[in-house]
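Here the structure comes first, spelled out in structure tokens, and everything after it is commentary.
Here, each number is a calculation from the coordinates, and none is a lab measurement. Just so we're clear, the structure is a prediction, and the values are computed from it rather than from any experiment. Neighbour counts run over all protein chains shown; Cβ positions are idealised from the backbone, glycine included.
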């Protein structure tokens with residue numbers, strides 16, 4: 001997208017495409033969404049979003065990204081116990097902290113995924129619930145861009161085609177999700193998260 | 001071709017639009033199965 005979409009439109013257009021993609025995922029996988037976790041997580045997210053602008057983080061974004069990369073690697077590969085039946089406060093705090101952190105680092109998807117991976121022992125529930133939290137976060141993001149005056153109308157026909165294509169991709173991916181054994185899904189998650197973490201660490205060296 | 005271009009934002013070619021549409025299929029499939037990665041993969 002960076003090579004195709006003009007830089008001024010990149011983040012708003014990417015946000016709208018992600019809103020479409022995550023809405024598709026939430027719809028296709030709706031039976032596996034844990035709505036209690038979604039509500040508690042988003043409750044905490046509101047406070048994280050409000051706290052972000054009030055605090056100034058002095059560290060450069062490359063160091064913050066590298067720290068996030070190290071954190072993801074530690075959580076994904078350390079033999080940490082699952083947090084079964086987490087308390088409402090724990091889930092809301094997770095929403096608060098991840099939303100707050102992504103305001104400075106970005107990478108909202110991986111950061112929320114790493115948190116939810118500790119909460120859910122079943123991969124399918126984690127993926128579906130993650131999709132719903134991402135839908136709401138991107139809805140807020142797109143609303144902010146509309147409020148700020150970004151003219152999406154010029155992009156609407158192309159974004160619609162991208163979202164329709166993404167819907168069929170989501171259907172294909174969900175079929176894989178439902179057919180693959182849990183262990184292989186978890187291994188795939190670990191591999192992709194490791195690649196994401198290494199990409200974040202790369203920012204330190206560039 | 002001109003009628004197709006009229007639906008695209010200024011400066012975008014039909015080829016680049018097609019690339020984004022195709023990429024969206026695969027990145028969405030990745031996210032729907034693994035749970036993460038598609039959003040980051042379509043960005044660079």
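Structure above, values below:
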| quantity | calculated |
| --- | --- |
| Evaluation of residue A:198 against (1) under 21 Å from residue A:107 (Cα atoms); (2) facing chain B (nearest Cβ under 7 Å) (one fails), failing number | (2) |
| Condition met for residue A:28 (more than 20 Å from residue A:125 (Cα to Cα) and either free of Cβ contacts under 8 Å to residues at least 40 places away in the same chain or within 14 Å of chain B (Cβ to nearest Cβ) (or both)) | no |
| Filter result for the condition that a residue is within 24 Å of residue A:62 (Cα to Cα) and touching a residue at least 40 places away in the same chain (Cβ under 8 Å), over A:133, A:99, A:129, A:170 | A:99 |
| Failed item in (1) surrounded by 20 or more Cβ atoms within 10 Å (Cβ to Cβ); (2) not in a helix (DSSP H, G or I), with residue B:10 passing the rest | (1) |
| Test result for residue A:145, over 17 Å from the mean Cα position of the chain (by Cα), part of a helix (DSSP H, G or I), touching a residue at least 12 places away in the same chain (Cβ under 8 Å) and under 28 Å from residue A:170 (Cβ atoms) | yes |
| Which numbered condition residue A:145 fails, given (1) over 30 Å from residue B:3 (Cβ atoms); (2) touching a helix residue (DSSP H, G or I) at 6+ places or on another chain (Cβ under 8 Å); (3) more than 7 Å from chain B (Cβ to nearest Cβ) | (1) |
| Qualifying residues in segment A:2-22 (those that are outside any helix (DSSP H, G or I) and more than 7 Å from chain B (Cβ to nearest Cβ)) - the one surrounded by the fewest Cβ atoms within 10 Å (Cβ to Cβ) | A:3 |
| Unique residue being assigned to a loop (DSSP other than H, G, I, E, B), at the interface with another protein chain (Cβ under 7 Å from one of its Cβ atoms) and under 12 Å from the mean Cα position of the chain (by Cα) when the list is B:43, B:20 | B:43 |
